[in-house]
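*Asks:* There's a structure below that I have some questions on.
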Amino acid sequence: MTASGVNGICRPQALNVSPRTPRRPKVINKAKPATEGGKTAAVVGILSRFPIRSARAHHLSAGDGEPLRDILELRLDCNGIPLALFVNHWKSKIGGPEETEPGRSIAAAVVGRRVREIEAAEPNLDIVVVGDLNENWDEYDRTGKSYRTALMPCRDAGAVPGSDCLYLTG
């Protein structure tokens, strides 16, 4: 798979793909826009030269009913190799990192749950999580470990003691 074979995008509404584009990629967008502060938030989508076998959107909302951006889950056939792909655009930090962390944690929980379900059912399937997570890989350390973040080091999440990995919390 080449870098231009699959592209997850966070703002497909701004995408302009010409019908004259050679080997035009298929555009999928099953996600619905969320609203933030009365404005419509960006949705996610994908450009793929590989056949898309299935696509579904995970509709999210915060505990207070505030809609969050959907997560797009796809199954691709990459030259005979199946691939599960999650395209994300998690809650921004506008309003404060700690105050908005629950929105990112909700998204992380959905992706983490689906990844674990897929791994249990299809242990050899490749899984890729892409997008704008609005979270640094070392967010927990950057906060001085003062609150639980959407991406947690496995050593601190209790998922895999002593492991050097990130755990999708929720």
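*Asks:* Restricting to region 69-111, name every residue that is of a type in the set (Val, Ile, Thr), under 17 Å from Pro51 (Cβ atoms) and open to solvent by less than 30 Å² (accessible area, probe 1.4 Å).
*Replies:* So in region 69-111, the residues of a type in the set (Val, Ile, Thr) come out as 71, 81, 87, 94, 100, 106, 110-111.
After this cut, where a residue has to be under 17 Å from Pro51 (Cβ atoms) as well, the list is 81, 87.
Within region 69-111, just Val87 meets the criteria.
*Asks:* Still on this model: If you take the residues of region 112-138 that are touching a Leu at 6+ places or on another chain (Cβ under 6 Å) and not hydrophobic (A, V, I, L, M, F, W, C), which of them is surrounded by the most Cβ atoms within 10 Å (Cβ to Cβ)?
*Replies:* Glu135
*Asks:* Something else about it: For residues in region 41-97 being more than 28 Å from Asn124 (Cα to Cα) and hydroxyl-bearing (Ser, Thr, Tyr), which is farthest from the chain's Cα centre (by Cα)?
*Replies:* Filtering first and then ranking leaves Ser61.
*Asks:* Of the residues Ser61, Ser54, Ser48, only one is of a type in the set (S, T, N, Q), surrounded by fewer than 16 Cβ atoms within 10 Å (Cβ to Cβ) and modelled with pLDDT under 90; which? Talk me through it step by step, then tell me what you get.
*Replies:* Values: Ser54 fails: modelled with pLDDT under 90; Ser48 fails: surrounded by fewer than 16 Cβ atoms within 10 Å (Cβ to Cβ).
Criteria check complete, one pass: Ser61.
*Asks:* Evaluate the following for Arg155: is it modelled with pLDDT under 95, basic (Lys, Arg), out of contact with any His (no Cβ under 7 Å at 6 or more places or on another chain) and in a loop (DSSP other than H, G, I, E, B)? Working first, answer last.
*Replies:* Details: modelled with pLDDT under 95: yes; basic (Lys, Arg): yes; out of contact with any His (no Cβ under 7 Å at 6 or more places or on another chain): yes; in a loop (DSSP other than H, G, I, E, B): no.
Spelling it out, it is not the case that Arg155 is modelled with pLDDT under 95, basic (Lys, Arg), out of contact with any His (no Cβ under 7 Å at 6 or more places or on another chain) and in a loop (DSSP other than H, G, I, E, B).
The values are calculated or read from the model by the stated rules, or taken from the named source; none is laboratory data. These numbers were taken from a predicted model, which means no experiment stands behind them. Ideal geometry is used to build each Cβ from the backbone, glycine not excepted, and the neighbour counts take in all protein chains shown. Surface areas here come from the heavy atoms of the whole protein model, side chains and all, with no ligands, DNA or RNA. Shrake-Rupley method; radii C 1.70, N 1.55, O 1.52, S 1.80 Å.
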